[in-house]
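Reviewing the structure listed below.
The values are calculated or read from the model by the stated rules, or taken from the named source; none is laboratory data. Just so you know, these numbers come straight off a predicted model, no measurement behind them. Cβ: placed from backbone, ideal geometry, glycine included. Neighbour counts: every protein chain shown. Please note that ligands, DNA and RNA were not included when accessible areas were found on the heavy atoms of the full protein model with its side chains. Shrake-Rupley method; radii C 1.70, N 1.55, O 1.52, S 1.80 Å.
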Amino acid sequence: MRNGSRAVKKLLLLGAGSALIFTMGGVGPAAADNGPHVSTAVGAGQTALISNAGGGRCASCHRAHTAKAEFLLKAAQPALCYTCHSGAGASTNVKDGVNAYTNAALRGGGFENAKIDGAGASKTMGTVEGAHGLPIASEGVPALPASAAVTSKHQIDGTTTGTIWGNGAISATVDPGKAGVTLECGSCHDPHGNGNYRILKPIPVDAGTLTQTVISPATTSATGVVTPAELSAPATGVKIPDATAKVYTTTNYWDVTDRNVPNVAGVALLPTETDGYITNIAQWCATCHTRYLAGSGSYQINSGDAVFTYRHRSNRNNSAGVSRPNCIQCHVSHGSNVSMEGDAAAASMPGGATLAPTDAGYGDSKLLRVNNRGTCVMCHNV
């Protein structure tokens, strides 16, 4: 997605990062789907005291007759959200990519600053060969002591138009994605709470997906692992169960699993099960970036798409929470501060011409976690 003349991607892996959520002024530290973001909906046949059902919350964000933004909001997004999520009111300062009270690095980076130490990425090679003849490695991407300006982000100002790269069906013509889209915080998050991971909407607004069928993790097996059919259905909504304990910060940006997320809501993980976040997050990303989702062997199979012809696998999830390769393994959700130089800086946007140092998109980090294309070397010992 383009930020003015600069290319950035569509709001991609918010499930990976810190919660970006609407504000509730005048409250203490808040976390996604906790506190002011818990749904207060009353079920059929039930009675609830209005004082316990959100009666004190409405005025934090809404005005009935003097609203300044759509949905009767008292301010437009992201300014409204930033009244809490930029250092005051909520622990998740998504503007600067830090915990507002501890300064720890947020998992999803930030929209203006982030703390990803892309230059400090490393791996230690083991001597045991894996099932595919690959050495076992231990990798790490540390956090910086202080935030640095982002070099790519999802544009959420609600006014700047851009392109959702890879949105749409496989196309034999040059079609990089859905153009003319504007995003804001509420495009991906439900401010009132919905019981999903990071209060993510099953289908983001303006995703352009073809159906509205919601896929929940399968309950047909004893372990609750999703079925292959569900894993290959990016054009449908994806519900990720909420975490039993919410952790928004990290000391290692290469560790992207969340073992607090069950495969099925309310059902604890077995020690050998893949967590529900990694099981579902690539499919959630693909509700917008539909042509990015690819399975094993896609690197040597012609997809028939003129732009996304051969694709890196992006839907992998293993047991015991080990994931690679998955959308979120390489990219953060909100914004990245890592640097791109040389050939890495010149990588064009999908369907675009080769960039030169004078082009606006030159040096765009494309939400990656490691400087240049060090992300590749983290997995491939080349």
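Scanning the range 168-183 for residues that are in a loop (DSSP other than H, G, I, E, B), touching a residue at least 60 places away in the same chain (Cβ under 8 Å) and touching a strand residue (DSSP E or B) at 6+ places or on another chain (Cβ under 9 Å) gives GLY168, PRO176, LEU183.
Any residue in the range 357-365 that is closer than 28 Å to SER138 by Cβ and touching a strand residue (DSSP E or B) at 6+ places or on another chain (Cβ under 9 Å)? Scanning the range 357-365, I find at least one residue that is closer than 28 Å to SER138 by Cβ and touching a strand residue (DSSP E or B) at 6+ places or on another chain (Cβ under 9 Å), so the answer is yes.
Within the range 133-144, is even one residue closer than 25 Å to TYR362 by Cα, open to solvent by less than 30 Å² (accessible area, probe 1.4 Å), in contact (Cβ under 8 Å) with a residue 24 or more places away in the chain and not hydroxyl-bearing (Ser, Thr, Tyr)? Within the range 133-144 (the criterion being closer than 25 Å to TYR362 by Cα, open to solvent by less than 30 Å² (accessible area, probe 1.4 Å), in contact (Cβ under 8 Å) with a residue 24 or more places away in the chain and not hydroxyl-bearing (Ser, Thr, Tyr)), the answer is yes, since at least one residue qualifies. When only residues in the range 334-382 that are hydroxyl-bearing (Ser, Thr, Tyr) and out of contact with any Cys (no Cβ under 9 Å at 6 or more places or on another chain) count, which is farthest from ASP96 (Cα to Cα)? Looking at the filtered set, the residue picked out is THR354. Scanning the range 249-267 for residues that are buried (at least 18 other Cβ atoms within 10 Å of the Cβ), more than 13 Å from ASN280 (Cβ to Cβ) and charged (D, E, K, R) gives a single hit, ARG259.
Taking the range 40-58 on its own, how many of its residues are open to solvent by 60 Å² or more (accessible area, probe 1.4 Å) and modelled with pLDDT of 80 or more? Don't jump to the end; show me each part of the working.
Our first condition is that a residue be open to solvent by 60 Å² or more (accessible area, probe 1.4 Å); within the range 40-58, this holds for 41-42, 44-47, 49-52, 56-58.
Now restrict to residues that are modelled with pLDDT of 80 or more: 41-42, 44-47, 49-51, 56-58.
Final tally of qualifying residues: 12.
Across the range 117-141, what is the total count of residues that are of a type in the set (A, V, I, L, M) and either at pLDDT below 65 or more than 20 Å from CYS330 (Cβ to Cβ) (or both)? Steps first, please.
Step one: list which residues in the range 117-141 are of a type in the set (A, V, I, L, M), which gives 119, 121, 125, 128, 131, 134, 136-137, 141.
If we keep only those that are either at pLDDT below 65 or more than 20 Å from CYS330 (Cβ to Cβ) (or both) too, we end up with 128, 131, 134.
Qualifying residue count for the region: 3.
Output yes when any residue across the range 362-375 is polar (S, T, N, Q), assigned to a loop (DSSP other than H, G, I, E, B) and more than 20 Å from ALA149 (Cα to Cα), and no when none is. No; the residues of the range 362-375 include none that is polar (S, T, N, Q), assigned to a loop (DSSP other than H, G, I, E, B) and more than 20 Å from ALA149 (Cα to Cα).
Mind listing just one residue for me: the one in the range 59-89 that is farther than 19 Å from SER187 by Cβ and of a type in the set (S, T, N, Q) and, of those, least open to solvent (accessible area, probe 1.4 Å)? The extreme case among them is SER60.
Quick check: anything in the range 184-192 out of contact with any helix residue (DSSP H, G or I) (no Cβ under 9 Å at 6 or more places or on another chain) and either open to solvent by 10 Å² or more (accessible area, probe 1.4 Å) or assigned to a loop (DSSP other than H, G, I, E, B) (or both)? No: the range 184-192 contains no residue that is out of contact with any helix residue (DSSP H, G or I) (no Cβ under 9 Å at 6 or more places or on another chain) and either open to solvent by 10 Å² or more (accessible area, probe 1.4 Å) or assigned to a loop (DSSP other than H, G, I, E, B) (or both).
Going through ALA344, ALA320 one at a time, which residue ends up being more than 25 Å from GLY162 (Cα to Cα), without any contact (Cβ under 8 Å) to a residue 60 or more places away in the chain and not in a loop (DSSP other than H, G, I, E, B)?
Details: ALA344 fails: more than 25 Å from GLY162 (Cα to Cα).
Only one candidate qualifies: ALA320.
Taking the criterion of being crowded, with 17+ Cβ neighbours inside 10 Å and on the phi > 0 side of the Ramachandran plot, the only residue of the range 102-129 that qualifies is GLY109. Of all residue pairs spaced 6 or more apart or on separate chains, those with beta-carbon atoms under 9 Å, a first member in the range 285-303 that is more than 25 Å from HIS154 (Cβ to Cβ) and in a helix (DSSP H, G or I) and a second member that is at pLDDT 95 or above and not basic (Lys, Arg) are TYR299/TYR310; TYR299/HIS312; GLN300/TYR310.
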